[in-house]
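Below is one structure, written out as structure tokens, with a few remarks after it.
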Amino acid sequence: MNSTLSLLMGAPMLVVILAAGLGARTQETLDPRIAAYDKGPATIDVAKYPADMKARYKLFATRCSKCHTIARAINCEFVLEDEWERYVKRMMRKPGSGISASDGKEIYEFLAFDSKTRKKALYEKKLKQIK
Amino acid sequence: MTIQTQCSARSILTRLWSIALLAVVSFLMPATAQATPAFARQFNAKCSMCHAPLPPRLNNLGLTFKRMGYRMPDVDKDGKLVLQDKPSRSLSDNFALIGDIRLESSRGTPTSLSMHEIELVGAGTAGAHLSYAAEVAWEAGEFAMEGYEGQLLFGQPKATFTARFGLINTLLWDKFGHQRLGVARAHLLNRRVPVGSFVGYRPRDMQEGIEFGVNLTQLADGGAMRSTFLSVGVYNGLTPAGNEFGESDDSKDVMAQVLHLWGENHTLGALWYRGKVTDIGTAGFDDTYNRWGLFGNYELHPGTDVLAGFMAGRDDATDDTIARISSRSWFLELNQTIVPRLAAFARYDRFEPRKSVASARRQGPTLGVAYQPIDNLLMTAEYTGQKVGAGTRSRDLVVRAIVIY
């Protein structure tokens, strides 16, 4: 086959296939609530956090973005210590998560601190509800 | 499908612009982070869940997922290991399209830009016990079925029994076959030792056959798993078409493997292979080939991975005029994640057949970087400098863009 002609035909073919594929594919439906978390901010401004929390944030950002978006954990409505404990333990048990017991404790400490700081209003509201 | 030109700075620049343009087009495609390969779509997961340091190389979860017939290891509410199956809504959901574009430059040959191939790759489950995989490629203007397999799986998640059949990738430790980071494969999988009229065996070839396996998996601390895969396969020994001498007749090969996985990314494995091919010409002699190998990788700390492999071979013929050829090959590779989505790799490869075929000896480094700017696009740049026999060192540069959807 003439190589130039072949490339001229092949490149548009790839584009057409990819474009057609975009329309044809269906993605596993995400819970709209979780989809909204995913679209939110993907970083936390930890500039004013204590040094130990800055270090824990780094671990959290590395470990908790392996399988899902980090935005999901940042924007979700878990704020209470119990909620985070349950959630972190659940993630620790996931095969391949790589979250060891000590990592899990550090991540939990960060999330509990961050919730009381960044999501203070929601934290206090939820705390009142359970009292 | 290749365009070749004189190697001038201007032509290289033009081709780099073409690849950059493709990258921009890919970037503008309205795909979400989870919307690239078929499995990421199905499981709403990021690539990094199963690949490290970058796709297509699999981490231990990815290797286990593949081995379990594309069922994801997970835990139930009681903390027990389960295999999660996400049936797709349609067959097309299980397939991904891959376009591989390459800019290649070698010493003494013109620089070329080519659409290396377009592949349709897919796999999935069909019921509780059956899974399938298929790979169709369009390369050099022709379509080819590069692989197809079915797999039966029985037992509990912690101890499964499998039977895999079809035109299959025989290697359990698939880090340098289909799942390699760069373009160049490790010599110990890729080099043949010719014996008489037989062009030689190489472990990386897809083969027709059937493989039986036992897979033991248990959960460990921190969501890690410990798995041991054992397998014995019987294969046709050559590619489906045989070779140019028609030596695919009467070839029955046996391969035994063990692979142990622990932590997120550590592996250790071994293989033994014994094959025989009967010459169907007038001489009527047999060629035999044996291999044994050890391989594995160890992640020194997150982002730094050392991989190594050693293989020894003994190739012989019943024809007395042809001498037995022993060979050995090894490699050592370091992978380093520089920043998320950018990794560098450096490998030293050596393939050493006996002195009588010293001209086939190869050794040299491969240096490269892999970059995944978005989930739909993987780019690699790789330099390989190989010394073949007593000749001069070859210098090859490959820049590759892989578009995935």
- Charge dipole (region A:34-130, unit charges on Cβ, about Cα centre) - positive-most of A:68, A:104, A:57: A:68
- Karplus 3J(HN,Hα) series, Hz, for region B:286-296 with 6.51 cos²θ - 1.76 cosθ + 1.60 (x for Gly, Pro): 9, 10, 10, 8, 10, 9, 9, x, 10, 7, x
- Query: To the nearest 0.05, how large is the calculated FRET efficiency for residue B:298 and residue A:130 if R₀ is 60 Å and r is the Cβ-Cβ distance?
  - Reply: 0.80
- Item | Ranked B:187, B:260, criterion: other C-beta atoms within 10 Å, fewest first | B:260, B:187
- HN-Hα J couplings of region B:259-272 from phi, Karplus 6.51/-1.76/1.60, θ = phi - 60°, integer Hz, Gly and Pro as x? 9, 10, 10, 8, x, 7, 8, 7, 9, 8, x, 8, 9, 9
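If the limit is 20 Å between Cα atoms, which of A:94/A:126; B:86/B:175; A:89/B:77; A:94/B:46; B:46/B:86 go over it? Provide the component values of the computation, followed by the final result.
Numbers: A:94/A:126 27 Å; B:86/B:175 25 Å; A:89/B:77 11 Å; A:94/B:46 14 Å; B:46/B:86 16 Å.
In this structure, A:94/A:126; B:86/B:175 exceed 20 Å between Cα atoms.
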- So, for the Cα atoms of region A:34-130, Rg and Dmax in Å stand at 12.8, 37
- Roughly how many nanometres apart are two label points built 7 Å out from the Cα toward the Cβ at residue B:319 and residue B:381? 4.8
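Mind sorting A:66, B:276, A:94 by how few other Cβ atoms lie within 10 Å of their own Cβ, fewest first?
Working: A:66 23, B:276 17, A:94 20.
By the 10 Å Cβ count, ascending: B:276, A:94, A:66.
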- Message: With +1 assigned to the C-beta of every Lys and Arg and -1 to the C-beta of every Asp and Glu, and no other charges, what is the dipole magnitude of region B:50-104 about the Cα centre in debye, to the nearest 20?
- Response: 100
- Task: Could you list which residues have their amide H under 5 Å from that of residue B:195, counting only those 5 or more apart in sequence or on another chain, with H placed in the peptide plane?
- Result: B:200
- Cβ-derived FRET efficiency at R0 35 Å, residue B:358 paired with residue B:136, nearest 0.05: 0.30
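Take every Cα pair under 8 Å in region A:34-130 that's 6+ residues apart, average their separations, divide by the length, and report that relative contact order as a whole percent.
The normalised contact order for region A:34-130 reaches 31 percent.
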- Query: Under 5 Å between amide H atoms, partner at least 5 residues away or on a different chain: which partners does residue B:68 have, H built in plane at 1.01 Å?
  - Reply: none
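Within 10 Å of each residue's Cβ, count the other Cβ atoms and sort B:105, B:131, B:92, B:356 from fewest upward.
Working: B:105 18, B:131 23, B:92 14, B:356 10.
In order of increasing Cβ crowding within 10 Å: B:356, B:92, B:105, B:131.
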- Magnitude of the charge dipole, region B:64-172, Cβ model with Lys/Arg +1 and Asp/Glu -1, debye to 20: 540
- Once amide hydrogens are built 1.01 Å from N within the peptide plane, the residues lying 5 or more places from residue B:185 or on another chain with amide H under 5 Å from its amide H are none
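Quick note: the coordinates plus some simple rules give every number you see, no bench work behind them. As the structure is a prediction and not an experimental result, all values here were calculated from the model. Cβ: placed from backbone, ideal geometry, glycine included. Neighbour counts: every protein chain shown.
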